[in-house]
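Data first, discussion second: the structure below is written as structure tokens.
The values are calculated or read from the model by the stated rules, or taken from the named source; none is laboratory data. As the structure is a prediction and not an experimental result, all values here were calculated from the model. Virtual Cβ from ideal backbone geometry, glycine too; neighbours counted across all protein chains shown.
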């Protein structure tokens, strides 16, 4: 198999176009299963691993940090730290994470502590990409398209957050910084503040992007091109919905939506009808629905890496294989026709 690679922003850091997402490690996957996934992905040419301090998902006090611990034990066992690009994230404000530093905030003291804790769990003295998991201010992310102005919930200024990240870069503990679940305004602020103060520029934005949610194209794709803030696309299969395995109300044993009813982001009215159309399109051309959905994300010019996740090795092999699939023009035309009729049904 031939993996493709891309540059992370303007850093010169070379990352695989397929990134291994790890949020199942410690919840749906044991440590041994996590190591098996990491081994397989690495053998396929994946050098990019994404995690977060709050993982696994769904987040619980009892499991928080296990994902990073499993990655750390794999790095220690294999000695591959210098051969992988390791990305993790600091959590933004959330009352449902009160067990994490008494409620995480994006202030300097918390960011430093969060990184130190992540480094200890990952058994490394630096991370290649450190990301803000979601904004401090209240804005439209996690499935919201509409924006409601709430200045009383602005919290810690982006300037303080970015300065804290800059200090971590200066200290050699972080090579590059990025954001996640951000908006065009937020990206603009990070870039303007970096230029004004001579601080590091953000090099990536990790937002959802899939056939059911292409909202990134509206205001952020231009930033990706003009400012080299490429998309790290998460949920490219919409929690597995785009595989078609949940059609007709099916709930396969061990699948995420079977185990965790809280994940309804991609399970909304009309969604099933549109998923059925994408699945039919794939099968008409002899394609796996999963591979078709992933190959579409892989092909977008504003995408730096496609973050795939799996709970077993068969799923992982299929997802990795998407990098070798070039969609025929008629399939792309079919995707665009469905999207034009039913855009962004599940943001």
query: Considering region 143-155 alone, what residues qualify as being within 22 Å of residue 54 (Cβ to Cβ), out of contact with any strand residue (DSSP E or B) (no Cβ under 9 Å at 6 or more places or on another chain) and in contact (Cβ under 8 Å) with a residue 60 or more places away in the chain?
result: 144, 155
- prompt: Since residue 269 meets every condition but one in (1) touching a residue at least 12 places away in the same chain (Cβ under 8 Å); (2) farther than 20 Å from residue 56 by Cβ; (3) exposed (fewer than 13 other Cβ atoms within 10 Å of the Cβ), which condition does it not meet?
  reply: (1)
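Just to be sure before I move on: is residue 347 outside any helix (DSSP H, G or I) and closer than 30 Å to residue 227 by Cα in the structure I sent?
Values: outside any helix (DSSP H, G or I): yes; closer than 30 Å to residue 227 by Cα: yes.
The answer is yes for residue 347.
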message: Looking at region 282-302, can you tell me whether even one residue there is surrounded by 14 or more Cβ atoms within 10 Å (Cβ to Cβ), more than 30 Å from residue 31 (Cβ to Cβ) and touching a strand residue (DSSP E or B) at 6+ places or on another chain (Cβ under 7 Å)?
response: yes
- prompt: Does region 234-244 contain any residue that is more than 14 Å from residue 309 (Cβ to Cβ) and at pLDDT 95 or above?
  reply: yes
field: Residue list for region 303-334, filter: assigned to a helix (DSSP H, G or I), under 19 Å from the mean Cα position of the chain (by Cα) and crowded, with 19+ Cβ neighbours inside 10 Å
entry: 316, 319, 320, 322, 323
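Kindly provide the set of residues from region 92-108 that are in a helix (DSSP H, G or I) and either closer than 26 Å to residue 231 by Cβ or touching a helix residue (DSSP H, G or I) at 6+ places or on another chain (Cβ under 9 Å) (or both), ordered by number. I'd like the intermediate steps shown before the answer.
Of region 92-108, the ones in a helix (DSSP H, G or I) are 95-97, 108.
Those that are in a helix (DSSP H, G or I) and either closer than 26 Å to residue 231 by Cβ or touching a helix residue (DSSP H, G or I) at 6+ places or on another chain (Cβ under 9 Å) (or both): 97, 108.
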- request: Within region 114-124, track down each residue that is out of contact with any strand residue (DSSP E or B) (no Cβ under 6 Å at 6 or more places or on another chain) and either surrounded by 15 or more Cβ atoms within 10 Å (Cβ to Cβ) or under 12 Å from residue 161 (Cβ atoms) (or both).
  value: 115, 117, 119, 121, 122, 123, 124
- prompt: What number goes with the only condition from (1) touching a residue at least 60 places away in the same chain (Cβ under 8 Å); (2) assigned to a loop (DSSP other than H, G, I, E, B) that residue 176 does not pass?
  reply: (2)
From the options 137, 120, residue that is assigned to a loop (DSSP other than H, G, I, E, B) and more than 20 Å from residue 203 (Cα to Cα): 137
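Which residues, taken from region 156-173, are more than 18 Å from residue 135 (Cα to Cα) and either out of contact with any strand residue (DSSP E or B) (no Cβ under 8 Å at 6 or more places or on another chain) or outside any helix (DSSP H, G or I) (or both)?
In the first step, residues of region 156-173 are kept if they are more than 18 Å from residue 135 (Cα to Cα); the result is 167-173.
Within region 156-173, 167, 170, 171, 172, 173 meet the criteria.
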task: For region 223-233, indicate whether the set of residues that are free of Cβ contacts under 8 Å to residues at least 40 places away in the same chain and either out of contact with any strand residue (DSSP E or B) (no Cβ under 8 Å at 6 or more places or on another chain) or under 19 Å from residue 115 (Cβ atoms) (or both) is non-empty.
output: yes
- prompt: Restricting to region 57-91, what's the tally of residues that are surrounded by 21 or more Cβ atoms within 10 Å (Cβ to Cβ), without any contact (Cβ under 8 Å) to a residue 60 or more places away in the chain, farther than 17 Å from residue 25 by Cβ and out of contact with any helix residue (DSSP H, G or I) (no Cβ under 7 Å at 6 or more places or on another chain)?
  reply: 0
- prompt: In region 186-210, which residues are part of a loop (DSSP other than H, G, I, E, B) and either surrounded by 24 or more Cβ atoms within 10 Å (Cβ to Cβ) or free of Cβ contacts under 8 Å to residues at least 24 places away in the same chain (or both)?
  reply: 198, 209
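For the structure I just gave you, tell me whether residue 262 is surrounded by fewer than 16 Cβ atoms within 10 Å (Cβ to Cβ), at negative phi, assigned to a loop (DSSP other than H, G, I, E, B) and in contact with a helix residue (DSSP H, G or I) (Cβ under 7 Å, 6 or more places away or on another chain). First the steps, then the outcome.
On the way: surrounded by fewer than 16 Cβ atoms within 10 Å (Cβ to Cβ): yes; at negative phi: yes; assigned to a loop (DSSP other than H, G, I, E, B): yes; in contact with a helix residue (DSSP H, G or I) (Cβ under 7 Å, 6 or more places away or on another chain): no.
When the stated conditions are applied, residue 262 does not pass them.
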